[in-house]
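Each reported figure results from applying straightforward, stated rules to the coordinates on display, with no laboratory input. Model, not experiment: these values are computed from the prediction. Here Cβ is always computed from backbone atoms with ideal geometry, including for glycine, and neighbour counts include all displayed protein chains.
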Amino acid sequence: MDIHAWIAVATLVAAMVLFISKLIPLEATALSIPVVLAVTGTVNPAEAALRGFGNSAVISLGAIFVLSAGLKESGVATLMGRMLERFGGKKEWRLVLLIMVTTCVLSAIMSNAATVAVFLPAVLVLSRRADISPSRLMMPLGYAAILGGTLTLISTTSNLILGSELDRLSGGDKALGMFEFAVLGVPISVAGIAYMVLIGTRLIGKNRLDNTPRVGSFQERLKKRYNPEKKLFKLTIPSGSDLADATIEKASLGKRFQIEVVQIARKKGFIKQFIDIQPDLKMNAGDVLFVDGRDEDAQKLAKVHSIPIEIATEVELESLRGRGINMAEVLISPHSAFLDRTLIDISFRSVFGLSVLAVLRSGKIIEKDVGATPLKLGDALLVYGPVRYFRKLEENNDLVLLDRQQSEEDVRHAPIALVLLAVALLPPVLGLFPLAVSALASALLMVATGCVSLRGAQKAIDFRILFLIIGTIPLGDALFQTGVAGKMAANLFPAEMSLGPFYVLGVLFVVSSLFSTASNNAAAAVILAPVAYAAAEASGIDVSKTFLAVAYGASCAFVLPFAHQCNLMTMGPGGYKTKDFIKVGVGLSLVMGTTAVVLLAI
């Protein structure tokens, strides 16, 4: 290999290390790749290193992000969620089957993570109605969204990239059609759903949600789920106390004592008023503070400030509930503007008028310094405050309110959104226009017709993923042009061994799955596309089949929670731990891999 080939290999290794370790932001790593390849002359001419900015897959994906938001905001997804609630029934196997089939179908035309975000509240309603633990339904929901990624060209980022790269590498002689994935994707999805209905749900072990009584109010069960040791206390601020005349923010009881002020009762003449909590609210002598926390933390507060403290009575709790003070659970949504920011950064209490009592992340409860904890995808927040403010949570696209109330959401734009979806999909199927053109036109019409707001469209576009694709496309070019991809294929599939299609396709599937799990499916698709092309040339297998093997492998992300954002989103509401995903996901991966490879090879 010449010097440029070694530079391509070194760039690949360095990129993978940074993608996995996340030492620097993913998009920064990706955009550094074309700079390195251009400066070293590995990609020649230097302008070719910028090819990713004009790649059709990038344009198509950006438009599809907007289309997906349009389907969500227009009410198409909501209508499917209502259908779930209507026909769910109370038998577990029937619920799992209905949830997985419906989710799989919607995920074929809409973002996987957005599909999960839409269906999460509906599935929780079904769980409570059927008296079934959420842990029996959440994992099937997330897995079904991932399986839906095998059905169409637009269902996942990796499918789009592989379709674009096959067209480019073959000089336009080969292409992956819009529904070509479905030929094998349907039996793969059927096999995966059958596994979950018959075997997968039986493998989900008992967790804390199964031990939480499914009686009483949803809020009581939330409290027991997040922390059964926490209680609601009340304390009265005496005259001369250092808390008198201090604001909620200045008192900083949460940071100092892990105690959260959830409501204040204040006498005005003979009338007792309940005051909503805001950071700039000033506390007065005589105020009765209702605070949430552990016994030891409450006693510490009482000792430091010389204030008597006692547990709130059941009558007082009912009085608070009667005034519309209660709990709710919210999830950080995909593409949320709150990701990697703290509750303090986003002024959560000021914006929503609610207190965050705890954060549930990867099966662990975070209670200390909640306000200073950067939020991550899949985090579930236990919030407390006036029920009338819950509507703010429901209307905010950065959060998913899990205990969503039945509301008359405007679905008048749903028919228009479905027509515009057809406008995006039919032209490339009929050979009239490329997907990038039809999808972009449809996305513009989604905004113009009011199916999605301009702000909603902007928020829906995941620039992080777009930059990843833009940066890694020239790396794929470099691997192909320098002969590294050919050498990788030759080492994996030695010509002298006369390896059959089962081996070649199986190895591509496994390598793609491992690559996708370690980094993400977009990077796996870009980097393995030239290897799949070289493998097809060396083995004589139809190049469409080698690319489909990589595509299906990139969607095989069931074994670890961080392997796919759908897993992270269902982890909190389902009460899962990593071992639960391993226990169920290994079998599903084997079912998917075996089905895909056998059908591709015959």
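Numbers at a glance
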item: Computed magnitude of the charge dipole of the stretch 410-496 (debye, nearest 20; Cβ of K, R +1, Cβ of D, E -1); result: 280 debye
item: Spatially proximal aspartates and glutamates relative to K577 (Cα-Cα < 16 Å; intrachain offsets below 8 disregarded); result: D210, D379
item: Residues with amide H under 5 Å from that of V291, placed H, sequence gap 5 or more; result: F233, K234, L235, V262
item: Globularity ratio of the stretch 373-509, using Cα Rg and 2.2 N^0.38 Å; result: 1.64
item: Label-zone membership for the stretch 121-139, site E92, 7 angstrom Cα→C-beta point, backbone N under 18 Å; result: 123-139
item: Degrees, to the nearest 10: 463-481 long Cα axis against longest axis of the chain; result: 20 degrees
item: FRET efficiency for R256 and I582, using Cβ-Cβ distance with R0 set to 35 Å, rounded to 0.05; result: 0.30
item: The stretch 82-178 - charge dipole about Cα centre, Lys and Arg +1 at Cβ, Asp and Glu -1, debye rounded to 20; result: 540 debye
item: Selected from S539, G62, S453, residue furthest toward positive end of dipole (the chain; charges at beta carbon); result: S453
item: Dipole of the chain, positive direction: furthest Cα of I346, Q299, G52, with charges on the beta-carbon; result: Q299
item: Order of S519, S32 under a 10 Å beta carbon neighbour criterion, fewest first; result: S32, S519
item: Rounded to 10°, Cα long-axis angle of helix 56-73 versus longest principal axis of the chain; result: 30 degrees
item: Pair L198, K231: separation of 7 Å Cα→Cβ label points (nm); result: 5.2 nm
item: Distance between modelled label sites at T313 and R412, nm, 7 Å Cα→Cβ extension; result: 5.1 nm
item: Net charge of Cβ neighbours under 12 Å - reference D245; Lys, Arg +1; Asp, Glu -1; result: 0
item: Cross-link pairs K230/K368; K364/K579; K231/K255; K282/K303; K231/K364; K282/K376 - those with Cα-Cα distance over 24 Å; result: K282/K376
item: Normalised contact order of the chain, rounded percent, pairs of Cα under 8 Å and 6 or more residues apart; result: 21 percent
item: Dipole magnitude (debye, nearest 20) for the chain, charges at Cβ of Lys, Arg, Asp, Glu; result: 1780 debye
item: Rounded D (µm²/s) - the chain, Kirkwood Rh over Cα pairs, Stokes-Einstein at 37 °C, 0.692 mPa s; result: 127 µm²/s
item: Per-residue HN-Hα couplings for the stretch 256-272 [Karplus 6.51, -1.76, 1.60; θ = phi - 60°; Hz; x = Gly/Pro]; result: 7, 10, 6, 10, 10, 6, 10, 6, 10, 9, 10, 7, 10, x, 9, 9, 9
item: Residue-span extension gain [K268 to N44] - 0.36 nm each, minus C-alpha spacing; result: 72.9 nm
item: Mean residue ellipticity (222 nm) of the chain, computed from DSSP H runs ≥ 4 via -39,500 (n - 2.57), nearest 500; result: -17500 deg cm²/dmol
item: 13 Å beta-carbon shell around I602, net charge (K/R +1, D/E -1); result: 0
item: Label point at V105 placed 7 Å out along Cα→Cβ; residues across the stretch 135-160 whose backbone nitrogen lies under 17 Å; result: 141, 144-152
item: The stretch 521-597 - convex hull of the alpha-carbon atoms, volume per residue in Å³; result: 86 Å³
item: L444/F53 FRET efficiency (R0 22 Å; Cβ-Cβ; nearest 0.05); result: 0.65
item: The stretch 358-366 - phi-based ³J(HN,Hα) in whole Hz, Karplus 6.51/-1.76/1.60, Gly and Pro as x; result: 6, 10, 9, 9, 6, x, 10, 9, 9
item: Unit charges at the beta carbon, dipole of the stretch 402-538: most positive-side option, P530, A441, S513; result: A441
item: Per-residue HN-Hα couplings for the stretch 189-203 [Karplus 6.51, -1.76, 1.60; θ = phi - 60°; Hz; x = Gly/Pro]; result: 5, 4, 5, x, 5, 4, 4, 5, 5, 8, 10, x, 5, 6, 8
item: Principal axis dimensions, the stretch 432-561 - Cα atoms, whole angstrom, descending; result: 60, 39, 26
item: Computed P(r) (all Cα pairs; the stretch 23-177; 10 Å bins; percent); result: 10, 30, 26, 18, 11, 4, 0
